[in-house]
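Notes for the one structure printed next.
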Amino acid sequence: QNVGRNERIIDADQTFSPELRHWRDVFWLAIFIIHLIVLGVLLAIFGLNRFKTADRLNIDRYTEGFWENNNGLTETYWPKYAVAGGVGTGLGCIWLLLLGSRANQMMKVSVHILTTYLAVISVLCFWCEQFFWGVAFATGAALQFLYVIAVIDRLPFTMLVLQKAVKLVWSLPEVTRVAYAFMAVMLLWMGIWSFGAAGVVASSRGDLGRWWLLVVLSVSLFWTGAVLCNTVHVIVSGLVFLVLLHGGRNASSMPPNSLMKSLRYAVTTSFGSICYGSLFTAAIRTLRWEIRGFRSKIGNNECLLCCVDFLFQLVETLVRFFNKYAYVQIAVYGKGFNRSARDAWELFQSTGVEALVAYDCSGAVLLMGTILGGLITGTCAGVWTWITWRDRVIMVGSTAMLMGMVLVGLAMVVVESAVTSIYICYAEDPSLIRRWDPQFFNQMSETLHQRLQHRSARAREVLTQNQLDSHMQDTFHL
């Protein structure tokens, strides 16, 4: 209120309105379904060709020109992926079980342990004479360390937001059941995916063609995992939004069967928008976090600052059309993805809440937990592979890490959904947050006021510097 924010009263009748529910982004829905069918057939072929008998389907003759073929079998590597699926599922389930009591401590551990874990894996890669991967993990450890140092002052507020989001999610036990259900669906698909991936790993040794094929399969798994994660995101954020809007889970005005309505819309009319947004949102968000952290530590290097500012403005433009807050608008109002993202971002900018969103690092903290879970999963599968087939450690370990990240991410997304819903509600109508948790509302308002003052001071500083530079240039010309 003190920073001049306009309160917006939400029309509760519009939430989950069947009249507003039309099929959105159908083209991307069709692309995703076709991609699953085609990939499923290819995975079955790759896996069966090496199952129990080498070259069972007699397709090695078509690959002689671009990769080496040997007598490896699918069942040699499939159990390693089964371990990865089991470890990833176990970590995701542990996260959900400890959501109410130890979630805050687990997130702190993720932030501080990830750098050390990356460094340890880098040392192991060098020890196994995998110099490229050793350098890659060492670079990741350095970037992670620099990022944490860059945002260390933001972590107290970030942990506060995450703590309140966990509190909100913990009051809705059906949310964890949704996460478990989608984790089971993801495991079924991973069974098919790992069968084909194991066949690819068994087919050849040390050739570039097989690596490119695994990259394509990994991109497909990432997209599929992102779609399932964002489907959970839409389901949970829709329910959380309604709980905040109506003042509680048991409020008399709460629509009946809210969870089932949110689930039905997420997997039908809004599924195309989810498929579309899942292609780009995660990559753009990650790039934005890294640029923000790097930008805050550049100092007075004008040349480097100019280059980073150009990238920053480019990414900020993309964020208008691809941001995670779009999923709340999709869940509640059934809009298309681009319109939802644009409306959410314009809402934040018009109310000033964008300054608070930019200051918060909750998404990055949850991503750190997801990466840590993936690394643990990849390490377990990689160690077993190293004992039996040392030349396939990186191949199996890297793909197993991706499997673990997807499974742990399905557990993490329930908290991220609550965070996004909190910010959307705060921008739409701050009284919703004040009614839910008055102390938290005051803390958010105070932090927002401080961030807007900081931005205003920075703007005045830049303006003064520009005027001084212009005056010095005029003096020089005279």
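Scan segment 392-412 and tell me whether some residue there is at pLDDT below 90 and polar (S, T, N, Q).
No: zero hits.
On the given criteria, is residue 120 in contact with a Ser or Thr (Cβ under 6 Å, 6 or more places away or on another chain) and at negative phi?
So residue 120 fails the test.
Residues of segment 76-120 being assigned to a helix (DSSP H, G or I), under 25 Å from residue 178 (Cβ atoms) and of a type outside the set (A, V, I, L, M, F, W, C), which ones?
85, 86, 88, 89, 90, 92, 104, 105, 110, listed by residue number.
Could you identify the single residue in 379, 385 that is open to solvent by 10 Å² or more (accessible area, probe 1.4 Å), among the β-branched types (Val, Ile, Thr) and on the phi < 0 side of the Ramachandran plot?
Criteria check complete, one pass: 379.
List every residue pair whose Cβ atoms lie under 8 Å apart, where the two residues are 6 or more positions apart in sequence or sit on different chains, the first residue falls within segment 151-169 and is closer than 14 Å to residue 451 by Cα, and the second residue, located anywhere, is aromatic (Phe, Trp, Tyr).
Listed pairs, sorted by first residue: 154/359; 157/359.
Checking residue 245 against (1) surrounded by 19 or more Cβ atoms within 10 Å (Cβ to Cβ); (2) not in a helix (DSSP H, G or I), which single condition isn't satisfied?
With (1) surrounded by 19 or more Cβ atoms within 10 Å (Cβ to Cβ); (2) not in a helix (DSSP H, G or I) applied to residue 245, the lone miss is (2).
Among the residues of segment 218-239, are any on the phi < 0 side of the Ramachandran plot and without any contact (Cβ under 8 Å) to a residue 40 or more places away in the chain?
yes
In segment 128-150, what residues are open to solvent by 20 Å² or more (accessible area, probe 1.4 Å), over 16 Å from residue 110 (Cα atoms), of a type outside the set (A, V, I, L, M, F, W, C) and free of Cβ contacts under 8 Å to residues at least 24 places away in the same chain?
Across segment 128-150, the qualifying residues are 129, 139.
The values are calculated or read from the model by the stated rules, or taken from the named source; none is laboratory data. Keep in mind the model is a prediction, meaning the values are calculated, not measured. Methodologically, a virtual Cβ is constructed for each residue, glycine included, from the backbone with ideal geometry; neighbour enumeration extends over all protein chains shown. Calculation scope for accessible area: heavy atoms of the full protein, side chains included, ligands and nucleic acids excluded. Shrake-Rupley method; radii C 1.70, N 1.55, O 1.52, S 1.80 Å.
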